[in-house]
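Scroll down for the structure; my scribbles are underneath it.
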Amino acid sequence: MTAARALDSVFSTVLRRNPGESEFHQAVKEVLDSLELVLTKHPEYTEAGVVERICEPERQIIFRVPWVDDHGHVQLNRGFRVQYSSVLGPYKGGLRFHPSVRLDTIKFLGFEQIFKNALTGLPIGGGKGGSDFDPKGKSDAEVMRFCQSFMTELRMHIGAETDVPAGDIGVGGREIGYLFGQYKRLTNRYESGVLTGKAPAWGGSLARTEATGYGAVIFAQRMLQTIAESFDGKRVVVSGSGNVALYAIEKVRDLGGLVVAASDSGGYVYDPDGIDFALLRQIKEVERARISEYAARRGGRSEFRATGQVWDVAREPGGIAVALPCATQNELTDVDAATLVAGGVRAVAEGANMPCTPGAVRLFQEAGVLFAPGKAANAGGVATSALEMQQNASRDTWTFDHTANRLEDIMIHVHDACRRTAEEYGAPGNYVLGANIAGFTRVADAMLALGVI
Ligand code: GLU
């Protein structure tokens with residue numbers, strides 16, 4: 001069977017086994033589309049059923065999460081943990097709490113996570129979990145009760161050597177604290193390495209909070225260097241204003257760039273003088289308020305816009321040189337990509353997971369824009385989680401600078417591996433192909449070595 005036919009056959013099986021799961025299908029297709037040359041070169045992968053096995057999670061767990069709200073009413077949510085691949089290490093990946101979460105969402109994220117984690121070069125497998133619980137508008141006590149109920153079920157499936165969850169959308173330091181507290185109480189073990197994203201005061205790593213955003217900007221900077229450019233003096237648009245977006249904004253500022261826009265689900269702010277990072281962090285991270293507040297307090301030339309897309313700022317005088325989608329999946333469409341290309345964009349790095357639609361990616365690539373897929377560009381978060389695991393395992397704590405330097409080295413390694421692999425496979429500059437192939441081959445080789453399991 002030719003490589004192309006083998007891939008078609010795997011994809012048909014994925015469609016048949018997972019009906020209606022469009023985001024999962026999209027994530028699988030993007031990887032399979034990169035693998036034809038690899039399978040031609042390595043028929044042993046096909047003989048061992050590697051691609052078919054990689055597409056099927058090792059385990060999928062779905063559970064009921066009942067909890068009682070502040071009015072004494074019983075509420076019910078659904079919890080998920082998809083343990084995708086453990087050939088390179090314990091399952092590793094975040095938990096997402098958002099009303100849109102379905103099994104489809106967790107499977108697409110878990111699938112991406114396998115290759116992302118492989119790209120870091122660290123010993124971590126791939127997994128993802130979450131719930132359709134919406135932390136927005138809930139009291140701290142409600143979030144705590146939900147987390148305790150969620151962990152009561154999840155704890156029997158996780159462990160420092162088995163599966164190590166962390167944060168994602170809707171899960172930050174507060175949630176990790178409540179989850180860890182309940183795990184510790186149920187197991188009577190202070191097993192620090194069972195969760196990452198903990199606060200530094202009780203087992204977390206310095207620089208973990210900043211890591212995903214910083215890492216995405218370090219990756220983008222490295223891409224810009226390949227065309228003898230840098231962030232210095234460049235106008236940048238960031239979408240989102242959560243953990244990833246915030247620290248991407250800080251890092252761009254530190255590298256001399258000007259972030260002129262950021263967004264949340266209610267709209268976006270345009271600030272031609274550059275987003276005031278400290279103010280935005282105060283509003284979004286500390287007060288958990290809306291981004292409209294930013295323009296109200298910042299004043300000057302900043303403005304809040306409730307309609308349109310954040311990408312529309314590429315039409316403002318000066319255009320946009322770099323775009324960092326850091327909000328959520330499929331948030332940047334082909335229409336937005338066209339706006340960015342017309343506005344002069346040179347580089348796009350995905351801080352979120354799969355934020356650009358396939359049409360948008362194609363458009364960027366055809367226009368010669370440097371494009372970094374999330375599984376490479378946002379790998380800094382999970383990489384620093386693996387550094388947190390190292391600190392926990394050795395009962396040590398590292399300084400901020402030591403951890404941030406390791407993060408920088410890892411991002412450069414990921415960038416260079418993607419670039420080198422793309423060249424090796426005859427597609428120089430194609431980071432999508434490079435990331436998919438480099439991630440896949442590391443997992444595939446381990447699968448061959450471990451036998452049919
Ligand atoms: N949720 C993050 C990601 O998408 C981080 C996962 C982790 O730290 O385990 O990679």
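The table that follows gives values for the structure above.
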{"quantity": "Positions within the range 76-88 being in contact with a Pro (Cβ under 7 Å, 6 or more places away or on another chain) and touching a residue at least 60 places away in the same chain (Cβ under 8 Å), in sequence order", "calculated": "83, 88"}
{"quantity": "Helices (runs of 4 or more DSSP H) wholly inside the range 1-62 that include at least 1 residues being among the aromatic types (Phe, Trp, Tyr) and without any contact (Cβ under 8 Å) to a residue 40 or more places away in the chain", "calculated": "3-17"}
{"quantity": "Number of the exception - residue 187 against (1) within 21 Å of residue 395 (Cβ to Cβ); (2) under 15 Å from the mean Cα position of the chain (by Cα); (3) polar (S, T, N, Q)", "calculated": "(2)"}
{"quantity": "Flag for residue 133 being away from the ligand (no atom under 14 Å from the Cβ) and either touching a helix residue (DSSP H, G or I) at 6+ places or on another chain (Cβ under 7 Å) or of a type in the set (S, T, N, Q) (or both)", "calculated": "yes"}
{"quantity": "Hits in the range 75-113 (condition: farther than 19 Å from residue 56 by Cα, hydrophobic (A, V, I, L, M, F, W, C) and either surrounded by 24 or more Cβ atoms within 10 Å (Cβ to Cβ) or within 14 Å of the ligand (Cβ to nearest atom) (or both))", "calculated": "95, 97, 101"}
{"quantity": "Close pairs from the range 383-397: first on the phi > 0 side of the Ramachandran plot, partner within 13 Å of the ligand (Cβ to nearest atom) and basic (Lys, Arg), Cβ under 8 Å, at least 6 apart", "calculated": "none"}
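Each row is one residue, and each column tells you yes or no for (1) buried (at least 24 other Cβ atoms within 10 Å of the Cβ); (2) part of a helix (DSSP H, G or I).
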{"residue": "117", "(1), (2)": "yes, yes"}
{"residue": "124", "(1), (2)": "yes, no"}
{"residue": "127", "(1), (2)": "yes, no"}
{"residue": "154", "(1), (2)": "yes, yes"}
{"residue": "165", "(1), (2)": "yes, no"}
{"residue": "196", "(1), (2)": "yes, no"}
{"residue": "201", "(1), (2)": "no, yes"}
{"residue": "209", "(1), (2)": "no, yes"}
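Residues are listed down the side, and each one gets a yes or a no for (1) assigned to a helix (DSSP H, G or I); (2) among the acidic types (Asp, Glu); (3) touching a Pro at 6+ places or on another chain (Cβ under 9 Å):
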| residue | (1), (2), (3) |
| --- | --- |
| 362 | yes, no, no |
| 386 | yes, no, yes |
| 409 | yes, yes, no |
| 417 | yes, no, no |
| 437 | yes, no, no |
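Only the coordinates and a few stated rules stand behind these numbers; no lab work does. Because the structure is a prediction, the values reported are computed rather than measured. Positions of Cβ are backbone-derived with ideal geometry, glycine not excepted, and every protein chain shown enters the neighbour counts.
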